[in-house]
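Data first, discussion second: the structure below is written as structure tokens.
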Amino acid sequence: MSIAIRIAKAGDLQEITSIFRDTIRHVNSKDYNPLQIAVWSGAADDTERWLKRINDYYFIVAEQNDRVVGFAYLSAANYFGGLFVDKDLQGKGIATRLLNDIEDKAKDNGHDIIESDVSITALPFFEKHGYKVERKQRKLVKGMVFENFIVSKEI
Ligand SMILES: CC(C)(COP(=O)(O)OP(=O)(O)OC[C@H]1O[C@@H](n2cnc3c(N)ncnc32)[C@H](O)[C@@H]1OP(=O)(O)O)[C@@H](O)C(=O)NCCC(=O)NCCS
């Protein structure tokens with residue numbers, strides 16, 4: 001399987017938000033309750049916010065045969081803001097490719113530590129890649145409490 005990593009563009013919006021919505025509904029749903037999944041995946045509809053992320057952040061996509069199959073972004077110079085892979089293409093190393101690129105960019109930005117807050121679902125993946133849990137947090141999104149983990153790694 002040949003995967004290319006490139007900078008996201010506004011035209012990727014539809015594919016990015018679909019991956020976000022479907023991955024939460026099908027993958028994260030094993031760790032969060034139906035109401036949490038509805039609120040979280042509903043954030044896919046805030047297209048203005050996604051366009052702003054694509055334009056303002058270091059935002060990359062993984063592409064296979066001209067199709068976007070995953071994405072990741074830095075929401076600050078060394079803050080890993082998000083990482084999502086197509087629900088049907090999990091476990092094929094796509095997130096690892098995205099993560100390596102994001103860490104390289106944080107290093108290029110002059111940082112030797114990268115930070116993030118990650119879902120219960122993604123924590124084992126991040127731990128496998130050397131991230132350490134700083135603390136558990138309860139994040140409030142649209143009146144709904146989400147448990148996740150603040151993590152960091154020396155890069
Ligand atoms: C976490 C996530 C991004 C990993 O994507 P992926 O493309 O499947 O990851 P990779 O294939 O690169 O995984 C690499 C390794 O981590 C392991 N791994 C991935 N997810 C794992 C999990 N949830 N638990 C345990 N191991 C996991 C894989 O087995 C693989 O191990 P291997 O190299 O020994 O075979 C993906 O599961 C996802 O989209 N999750 C839902 C969205 C999410 O929670 N994102 C983060 C919140 S911001």
Residue count for region 72-126, restricted to those that are under 18 Å from V141 (Cβ atoms) and acidic (D, E): 1
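Okay, residues lined up against (1) open to solvent by 40 Å² or more (accessible area, probe 1.4 Å); (2) of a type in the set (V, I, T); (3) over 20 Å from R21 (Cα atoms):
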| residue | (1), (2), (3) |
| --- | --- |
| G91 | yes, no, no |
| A95 | no, no, no |
| D112 | yes, no, yes |
| D117 | no, no, no |
| E127 | yes, no, yes |
| F146 | no, no, no |
| E154 | yes, no, yes |
Residues that are farther than 16 Å from I3 by Cβ, of a type outside the set (F, W, Y) and within 8 Å of the ligand (Cβ to nearest atom): list the strands (runs of 3 or more DSSP E) wholly contained in region 48-155 that include at least 1 such residues. 79-85, 113-119, 144-154
Give me a count of the residues in region 28-47 that are of a type in the set (D, E) and assigned to a loop (DSSP other than H, G, I, E, B). 2
Among (1) part of a loop (DSSP other than H, G, I, E, B); (2) farther than 29 Å from D112 by Cα, the one test that R25 misses: (1)
Would you confirm, using the coordinates I've provided, whether V141 is closer than 28 Å to D12 by Cα, open to solvent by 20 Å² or more (accessible area, probe 1.4 Å), of a type in the set (A, V, I, L, M, F, W, C) and at pLDDT below 95? yes
Looking only at residues that are of a type in the set (A, V, I, L, M, F, W, C) and touching a helix residue (DSSP H, G or I) at 6+ places or on another chain (Cβ under 7 Å) in region 16-44, which one is most open to solvent (accessible area, probe 1.4 Å)? W40
Would you tally the residues in region 69-94 being without any contact (Cβ under 8 Å) to a residue 40 or more places away in the chain, aliphatic (A, V, I, L, M) and under 22 Å from I150 (Cα atoms)? 5
Quick one: what pairs do we get from region 1-16, first residue touching a residue at least 40 places away in the same chain (Cβ under 8 Å), second open to solvent by 90 Å² or more (accessible area, probe 1.4 Å), C-beta under 9 Å, 6+ apart or different chains? M1/K92; S2/N65; I3/K92; I3/R97; I5/R97; A10/N55; E15/R67
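The values are calculated or read from the model by the stated rules, or taken from the named source; none is laboratory data. Model, not experiment: these values are computed from the prediction. Note: ideal-geometry Cβ built from the backbone for every residue, glycine included; neighbour counts use all protein chains shown. For accessibility, only protein heavy atoms count, side chains too; no ligands or nucleic acids. Shrake-Rupley method; radii C 1.70, N 1.55, O 1.52, S 1.80 Å.
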